[in-house]
Amino acid sequence: MMKIGNIYQQAKSEKRPVISLEIFPPKRPTGIETIFQTIDKLTAKPDFISVTYGAAGNTLRENKTLEIASRIKQDYGIEALHHLTAIMNSREEICRIIAEIKAAGIENILALRGDIPKGACDFPEDFQYAKDLIAEIARSNQFSIGAACYPEGHIDQKANRENIKHLLEKEQQGANFFISQLFFDNQAFYDLLDESRKARINVPIAAGIMPIMSVSQVEKMIFFGASLPVDLIKLIHRYQDTPEDLQKAGLEYSINQIDELIENGASGIHVYTMNRPIIANTIMDRYKAK
Ligand code: FAD
């Protein structure tokens, strides 16, 4: 097995994109088994699976991220990417968590600042930005480190473009690859790539894709700061009363996006599966099954 930074390098030499899936720890214990049943049934393995880390301030154990990531690696032989947010933690706490992740055999961390909880005013200032967490993880020299990027800017930023200076800082502190926030207009991603390369950011930047599955999901997504192209709005309008058709159209829209991104040489496609077997299966069948 290979660290994720090396997976991107190898895929580049093979002229293929890295295909990865993202899952989140389910609230109900039975949900965890559903995740593994889905992985059991996949027709092909993704290059890696990333597991999100819950709301800031939760403990490692409440989160279940490490438990799920370890099983993905040990039981399925699939490389796992452990997300980690730092904003609500002290340096001491974060160092302890990093040591636990290492002890469990996980070699890849997606280093995030995390969202600042509403109304929070008193929290440790050890990790103000993701770059501070990246620097801490890099000190151990034992992990491949990923970081987030935002084709249409981070929701807290006034500008509707990623601040490339902040991205460059993340690379300089030790990020080996980036995974983007979801977007529905590929041009936003191409613009981010262009600006990053001009600023001499050289590490791979994977495109984050989230298929639309329901109208309620669209309402929640407003807060990701992704713009909805008019074609997509029309699809949602057309199929809003027929959930199955909306799912089909949402998946088709994502597939068109991914096909075009791959045609244009994207180094990675990271799919937000929202723990939906239909998404994981469709993506693996189309892009990984031989
Ligand atoms: P940062 O890069 O630190 O950016 C935070 C804000 O600070 C941005 O507005 C940025 O522009 C600004 N900033 C950065 N550096 C500087 C600087 N030097 N000076 C001034 N301003 C600066 N959240 C979770 O809780 N759990 C997850 O598992 C999770 N997974 C994610 C996976 C991906 C691929 C993405 C894209 C996001 C994920 N998030 C997750 C959400 C993320 O935690 C939030 O978007 C969070 O608000 C920002 O995290 P960041 O790592 O991008 O922070």
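The values are calculated or read from the model by the stated rules, or taken from the named source; none is laboratory data. No experiment lies behind these values; they were computed from the predicted model shown. Because the Cβ atoms are built from the backbone with ideal geometry, glycine has one as well, and the counts that use them run over all protein chains shown. When the accessible area is computed, the model is the full protein with side chains, heavy atoms only, and any ligands, DNA or RNA have been set aside. Shrake-Rupley method; radii C 1.70, N 1.55, O 1.52, S 1.80 Å.
Brief remarks on what is shown
- Potential extension, Asn163-Arg28 segment - 0.36 nm per residue separation minus Cα distance: 44.8 nm
- Computed [θ] at 222 nm, deg cm²/dmol, the chain (DSSP H ≥ 4; -39,500 (n - 2.57); rounded to nearest 500): -14000 deg cm²/dmol
- Shape category assigned to the chain from the gyration tensor of Cα positions, a/c cut at 1.5: rounded
- Checking the cross-link pairs Lys73/Lys248; Lys170/Lys220; Lys170/Lys198; Lys41/Lys73; Lys73/Lys165; Lys12/Lys288 against a 25 Å limit on the alpha carbon distance flags Lys73/Lys248; Lys170/Lys220; Lys73/Lys165 as lying beyond it.
- Computed FRET value (nearest 0.05) for Met1 with Thr242, which takes r as the C-beta separation and R₀ as 35 Å: 0.25
- FRET efficiency, 1/(1 + (r/R0)^6) with R0 25 Å, evaluated for Ile278 and Ser227 via beta carbons: 0.50
- Accessible area of segment 234-286 divided out per residue, in Å², using a probe of 1.4 angstrom: 52 Å²
- Residues in segment 104-121 carry Karplus couplings, in order, of 7, x, 8, 10, 9, 10, 8, 8, 10, 6, x, 7, 7, x, 4, x, 6, 10 Hz; the curve used is 6.51 cos²θ - 1.76 cosθ + 1.60 with θ = phi - 60°, and Gly or Pro positions show x.
- Those residues of segment 81-124 whose amide nitrogen sits under 14 Å from the label point placed on Ala138, 7 Å along Cα→Cβ: 111-112
- For segment 27-43, the residues whose amide N sits under 15 Å from a probe point set 7 Å from the Cα of Tyr76 along the beta carbon direction are 31-43.
- Surface composition of segment 144-236: carbon plus sulfur atoms hold 54% of the accessible area, using a 1.4 angstrom probe and ignoring ligands, DNA and RNA.
- Among the protein heavy atoms, those of Tyr76 account for about 40 Å² of accessible surface (1.4 Å probe, every chain in place).
- Cβ-Cβ distance of Lys234 and Gln37, R₀ of 25 Å, FRET efficiency by 1/(1 + (r/R0)^6): the value works out to about 0.10.
- For the peptides 180-190, 201-211, 25-35, the ranking by packing is 201-211, 180-190, 25-35, with the highest mean count of neighbouring Cβ atoms within 10 Å listed first.
- Normalised by the number of residues in segment 4-287, the mean separation of alpha-carbon contacts (under 8 Å, six or more apart) gives a relative contact order of 21 percent.
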